[in-house]
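Only one structure is covered here, and it is reproduced in the block below.
Since every read-out is calculated from the coordinates, none of them should be taken as a lab result. Remember, predicted model here, so these are calculated numbers, not experimental data. We place every Cβ from the backbone using ideal geometry, glycine too, and count neighbours over all the protein chains shown.
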4 protein chains.
Amino acid sequence: MTGDIAHLGHVEMLTDRFEESLDFFTRVYGLKLSGRADGSAYLRAWDDYEFHTLKLTEAQTTGVGHVAYRATSAEALDRRVAAIEASGFAAHGWHDGDLGHGPAYRFEDPFGHVFEIYWDTRRYAATGNDRPALKNTASRYQQNGCAPRRLDHLNLLAEDVTEFRRFMQTCLGSRVTEMIQLDNGRLGGCWFTVNNKTYDLACTEEHGGGMGRLHHVTYATDQREDILRAADIFLENGVHIETGPHKHAIQGTFFLYVWEPAGNRVELANAGARLILAPDWQPVVWTETERKKGQAWGLKTIESFHTHGTPPVKTSSGTDGAA
Amino acid sequence: MTGDIAHLGHVEMLTDRFEESLDFFTRVYGLKLSGRADGSAYLRAWDDYEFHTLKLTEAQTTGVGHVAYRATSAEALDRRVAAIEASGFAAHGWHDGDLGHGPAYRFEDPFGHVFEIYWDTRRYAATGNDRPALKNTASRYQQNGCAPRRLDHLNLLAEDVTEFRRFMQTCLGSRVTEMIQLDNGRLGGCWFTVNNKTYDLACTEEHGGGMGRLHHVTYATDQREDILRAADIFLENGVHIETGPHKHAIQGTFFLYVWEPAGNRVELANAGARLILAPDWQPVVWTETERKKGQAWGLKTIESFHTHGTPPVKTSSGTDGAA
Amino acid sequence: MTGDIAHLGHVEMLTDRFEESLDFFTRVYGLKLSGRADGSAYLRAWDDYEFHTLKLTEAQTTGVGHVAYRATSAEALDRRVAAIEASGFAAHGWHDGDLGHGPAYRFEDPFGHVFEIYWDTRRYAATGNDRPALKNTASRYQQNGCAPRRLDHLNLLAEDVTEFRRFMQTCLGSRVTEMIQLDNGRLGGCWFTVNNKTYDLACTEEHGGGMGRLHHVTYATDQREDILRAADIFLENGVHIETGPHKHAIQGTFFLYVWEPAGNRVELANAGARLILAPDWQPVVWTETERKKGQAWGLKTIESFHTHGTPPVKTSSGTDGAA
Amino acid sequence: MTGDIAHLGHVEMLTDRFEESLDFFTRVYGLKLSGRADGSAYLRAWDDYEFHTLKLTEAQTTGVGHVAYRATSAEALDRRVAAIEASGFAAHGWHDGDLGHGPAYRFEDPFGHVFEIYWDTRRYAATGNDRPALKNTASRYQQNGCAPRRLDHLNLLAEDVTEFRRFMQTCLGSRVTEMIQLDNGRLGGCWFTVNNKTYDLACTEEHGGGMGRLHHVTYATDQREDILRAADIFLENGVHIETGPHKHAIQGTFFLYVWEPAGNRVELANAGARLILAPDWQPVVWTETERKKGQAWGLKTIESFHTHGTPPVKTSSGTDGAA
């Protein structure tokens, strides 16, 4: 790790059912609305310190708009920009920023996902009824809906995970914590982090022929019990539960996957006290044979997990799952 | 943060009831024994990646032997040594290392606590029955006793917390995440971290006249429920529960404090998904008035928490609590 | 047990801050409003099968209006009425019933608490958005506030617990599951049940000189984690947390006590999987010495727990705690 | 309910891998050994009040030896015996009892399962290190293995669930709390209770052609977290996890199913605070269509759940799953 990047900042998610998606994220999933502007809603979990960690944007389709990381300083940001410009990966250049942060530098991976890095940010300032009882939390504990604590990670699909890994290491200085080594020599998946979290971004192999697709976005809960409770909340609200709750073999995270109304997959996850503290952590490599055992406690990976991404891919027989 | 120090590595704890303390830590608290040598037992939690995180040493008294941090690289270690030698704080110099790590550089705070930093370490290699079912954990999940996941932090007592803060910032490059500002202008307590953990070391004001004393050592559990279960385990084993389970106002950690057989205070704690990700985190400052509200849910801080440290301080009326 | 009484049905609670109390019970504590009539609000937990389990009544003061138990059949009800009329305890006779049930027979203990028993009841019929996803729950899982699952028990104060025990055994056929035997020969407290629950009513000795007072009313949560979460909800809503979360030594229940806006004490509790299944259960008798150890994990019983009841008792120096 | 039967008392389980099964139940599943005699081991959960709730018996095969219920009194036992003798169901008559209880009356359902009812029992008397810290628990909290609190229920297979229901109602006076009504008019499953538990025995339709087979035996944990922890314990001990953890749609129980070394299916379950308190509870009837939705949060019922029972059924292609 270069130490130049501090953490995943926010994800822009596209939806073609904007009001339904917004209702889901605020009332059911339990995020807070910081503001709305120009067809986007800015959302955050109750202990996210920035103005937003999810930018929900009205669009003709679904998927990810862009992925943003915050640098550790202005100088670190400059160093990253220089590295990206020297890398040969597609650089979009600077833009002025957004409601939630200042100038940001955009670039793109070879599979169509847009990234940005920024330093100047807007801290969320809780006022009135949103001021927390304890001054060390960013806002009042969210009492409605699933109410995760903070943004955790996202998962992107790419046709060549090895190349995606080179992109992440070169542009963000991410390190790899775990990966899947397929029998055919390809990487089946790769988990990255820029800090002590076990991962802040994962990439798994695209099998559907799509470009720039999103697999899922995840927020972290404080306890596993929060996820069991969330399952009942999703059930009562008619939300499609895709799989879980269960424990991942890879990374050991307790998980629950659902589809928001427009079909984007979202997860709630809990890593317990697990952190990557070793500065010389060696990536854990999983073989195809090991992966066939399913998840940690034996749950078989559900078929749609391998095929469903957003936006859906048009096929001769129609689009995949996100009905 | 300089980025030179990766994490708290281990704590050496002294005990004048060695066999009882060792029985407590292995059978009740739920650590694993990596080895014994020269009057010391080397212990680790089941997912600690190094050979040991607690060195339990037979001694004439109790308290802390030394506190060790691991550097992020050999070069980072050199930078830290240079900074320490330039600092004016007491430098002990290099020693050859220990069962669990290579060469280490020792130095001391003005209050008698010995620190060391090292780079070369010995990874714990699980064999036989201790090999985990999932290859991303350091050893088999510990099924007996309280079984925390990893070392979390320790708390030291110092007569001048402001001066201790200067020591931590200068020597380790730690940053302050929270602190107590007393009405008399002094710092009542200060919480430090070198990484994304909310704290790895805390210092609170010494009121008993002791030197180099330990307040407590803490391991992290994956869930709050692990701490509730631990309370029953301590109860059934006749362990003195000092206070908790409850939630700290400062740092929001769910906690439980007990005394091991020799009187050293040990804690189990759970921070949920809380991390310090902001690179420009501003310390949270608590006033004396705010602290009078007690812990997060109103529990009053128990009197012994202000007086009991190890080793006990001899007074005209005997020693303090650790009977 | 006679088998004539099925379960605690509902409690009528008086409040001199009706709207504030109603807001507390619906928005914060997490009960559902079934209806309002004649200065009362009828409330139930999301899985209570009857129309109401809490009748909140506007009054000049606080405390308990009446306590209702449901009989196991019409014949069983008749048998109980005959037993009560033969008992010498004060019989008020029949009344027509209420919004939530049919004819009920009222009687009174020697300490001024009014009881009633009934058979005809009104089952809660969930409609519209309140219909549960799973047909075996009484209504939709409550997603806001603390959201306990069902009414659990209440605690009444009486000057002579031994006499109160005779009342409960004679009139309701309750059995005693645990009790406190004071050194002076008196009973300090007594826990009763009419079914497999560990207790549905407790009585502790009145020390404040009041008559017919309430100590607390309790709803049950599914998990202990629900109570930890509730503590944060109470904290964020400025509710007075009196004591807990902690585990009772008596009955082993995990608990949290707060005061609703008018000063009535309410509890959330979780008994885990503990039930009294033995038909010949022998009461567990606690001595005064044993009780001095405090709660299960050592928490000292808070002073107000011994003095605060509702309604408050007028003294020369003012009323007790319920400010 | 007649009120004659108090609760499920114990289950005799047969094993052809006795020592392995005993090791599983004591070290991994977390029961305590009360005694051994004549090829059987007598086991109990830490808060079961009787000498044993599981009798593990060395045999040529697997499955259930007998199922025992305790009566509420000697007179109630006599009433039940008279009812059974008048019923036309197969009566085996009295036997002298066992290590754990006095005289018992045996009878049999039409599908080959042997039942017994008894009144005289042997309470477990904890001594020495097994005495609990709190006198209201039957023995010391079990700190090793999964450590459920008490016996909960069992599930038997029968070719005609309607006839089995008549057996349970006639012989034990059980009431039905939930059931599955198949489109073909048959009952697919039926859940019974003799007390306030949501069920103590379930019967599902036998599809494998076996007679007198066992589907599973279940112990109750205090919290759902205990079951998540148990999943890791099973994983680390190489125990076959068949399905879960997840939440049943029927009864809403949180569950985890594993196979003990001889192939008998055992479950850990948690019902939260759910009880059947209504004396006039109407059975919840699930249709085939509703059951096709899978478990509460969408998990599909695993195929072996419909076919695997013990003892295995011999087929031309070998025996079913219990390899």
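Considering the alpha-carbon set of chain B alone, what are its Rg and its Dmax in angstrom?
My reading of the Cα-based Rg and Dmax gives 18.6, 58 Å.
Treat every Asp and Glu Cβ in the stretch B:5-312 as -1 and every Lys and Arg Cβ as +1, leave all other atoms uncharged, and give the resulting dipole magnitude about the Cα centre to the nearest 20 debye.
Roughly 860 debye for the stretch B:5-312.
Simple spin-label model, 7 Å along Cα-to-Cβ: B:D23 to A:R123 in nm?
Calculated label separation equals 5.1 nm.
Using a 7 Å offset from Cα along the direction of the beta-carbon, what are the separations from B:R122 to the same position in each other copy, nm, ascending?
5.1, 5.5, 7.4
Amide H neighbours of C:Y141 under 5 Å, counting only residues 5+ apart in sequence or on other chains, H built in-plane at 1.01 Å?
Amide H neighbours of C:Y141, under 5 Å, 5+ apart: C:A133.
Using the charge dipole of the stretch B:5-312 (Lys, Arg: +1 at Cβ; Asp, Glu: -1 at Cβ; taken about the Cα centre), state which of B:A278, B:V114, B:A220 has its Cα farthest towards the positive end.
Result: B:A278, furthest along the dipole toward the positive end.
Would you mind listing the distances between the B:D183 label point and the same position in each other copy? Use 7 Å along Cα-to-C-beta, nm, one decimal, shortest first.
3.9, 7.4, 7.7
I need the phi-derived Karplus couplings for the stretch C:36-42: 6.51 cos²θ - 1.76 cosθ + 1.60, θ = phi - 60°, integer Hz, Gly and Pro marked x.
For the stretch C:36-42, the Karplus curve yields 10, 6, 6, x, 10, 10, 9 Hz.
Taking each residue of C:247-256 in turn, how many C-beta atoms of other protein chains fall within 10 Å of its C-beta, and what is the average?
Across the residues of C:247-256, the mean count of other-chain Cβ atoms within 10 Å is 3.
In the stretch D:176-323, if every C-alpha pair distance is counted and binned at 5 Å from zero, what percent goes to each bin?
P(r) over the stretch D:176-323, rounded to whole percents: 2, 9, 16, 21, 21, 17, 9, 4, 1, 0.
May I ask for the net charge around A:T253, where only other residues with Cβ less than 13 Å from the Cβ of A:T253 are counted and Lys, Arg are +1 while Asp, Glu are -1?
That works out to -1.
So how far, in whole Å, is the C-alpha centre of the stretch A:98-176 from the one of the stretch B:285-304?
About 34 Å separates the Cα centre of the stretch A:98-176 from the one of the stretch B:285-304.
Work out the P(r) tail for the protein assembly as shown: percent of alpha carbon pairs separated by more than 66 Å, whole number.
7 percent
Suppose we keep just the DSSP beta bridges with both residues in the protein assembly as shown; what percent of those would be antiparallel, to 5?
75 percent
For A:K292, put the label point 7 Å out on the Cα→Cβ axis and report which residues of the stretch A:173-201 keep their amide N under 14 Å from it.
Flagged as within label range: A:182-184.
With θ set to phi - 60° and the Karplus curve 6.51 cos²θ - 1.76 cosθ + 1.60, what are the ³J(HN,Hα) couplings of the stretch A:56-69 in order, to the nearest whole Hz, using x for Gly and Pro?
9, 10, 5, 8, 7, 8, 10, x, 9, x, 7, 10, 10, 10
Just which residue of chain C brings its Cβ nearest the axis of rotation onto chain A, and by how many angstrom, rounded whole?
C:E225, 2
Show the residues, 5+ positions off or on another chain, whose built amide H is closer than 5 Å to the amide H of D:H66.
D:E12
List, in the order given, every pair from A:K247/C:K247; A:K135/B:K247; A:K300/B:K135; C:K32/C:K55; B:K314/C:K293; D:K247/D:K292 whose Cα-Cα distance in the structure shown is over 21 Å.
A:K247/C:K247; B:K314/C:K293
Using only alpha-carbon positions, what ratio does the radius of gyration of the stretch D:4-65 give when scaled by 2.2 N^0.38 Å?
Rounded to two decimals, the normalised Rg is 1.09.
Taking the Cα centre of the protein assembly as shown as origin, work out the dipole magnitude from +1 charges on Lys and Arg Cβ and -1 charges on Asp and Glu Cβ, in debye rounded to 20.
0 debye
Largest first, please: the extent of the C-alpha atoms of the stretch C:134-174 along each principal axis, to the nearest Å.
Result for the stretch C:134-174: principal-axis Cα extents of 44, 22, 8 Å.
Roughly how far apart, in whole Å, are the Cα centres of the stretch A:1-62 and the stretch A:217-258?
19 Å
Which distances, in nm and shortest first, link the D:D23 label point to the same label point in every other copy, taking 7 Å along Cα→Cβ?
Ordered by distance, the counterparts are at 2.8, 5.7, 6.4 nm.
Placing +1 on the Cβ of each Lys and Arg and -1 on the Cβ of each Asp and Glu in the stretch D:77-202, which of D:Q181, D:N136, D:G97 has its Cα farthest towards the positive end of the resulting dipole?
Working it through, the farthest residue towards the positive pole turns out to be D:N136.
Using modelled amide H (1.01 Å from N, peptide plane; none on Pro or chain starts), what sits under 5 Å from the amide H of D:W94, excluding residues fewer than 5 places away?
D:R106
Of the candidates D:W119, D:W191, D:W94, which one comes out as most mobile in a Gaussian network treatment of chain D with C-alpha springs shorter than 10 Å?
D:W94
When the helices in the protein assembly as shown are scored as -39500 (n - 2.57) per DSSP H run of 4 or longer and the sum is shared across all residues, what 222 nm value do you end up with, to the nearest 500 deg cm²/dmol?
-4500 deg cm²/dmol
Other chains near C:266-276: what is the mean number of their Cβ atoms within 10 Å of each residue's Cβ?
5
I need the per residue convex hull volume for the stretch B:150-228, using only the alpha carbons, in cubic angstrom as a whole number.
116 Å³
About its Cα centre, what dipole magnitude does the stretch A:207-323 give when the only charges are +1 on Lys and Arg Cβ and -1 on Asp and Glu Cβ, stated in debye to the nearest 20?
Around 320 debye, computed over the stretch A:207-323.
How crowded by other chains is D:231-240, given as the mean number of beta carbons from other chains within 10 Å of each beta carbon?
5
Express the C-alpha Rg of the stretch B:110-258 as a ratio against the empirical globular expectation 2.2 N^0.38 Å, rounded to two decimals.
Against the empirical 2.2 N^0.38 Å value, I get 1.20 for the stretch B:110-258.
Among A:T62, A:S40, A:T2, whose Cα sits farthest toward the positive end of the charge dipole of the stretch A:1-98 (+1 at Cβ of Lys/Arg, -1 at Cβ of Asp/Glu, about the Cα centre)?
Result: A:T2, furthest along the dipole toward the positive end.
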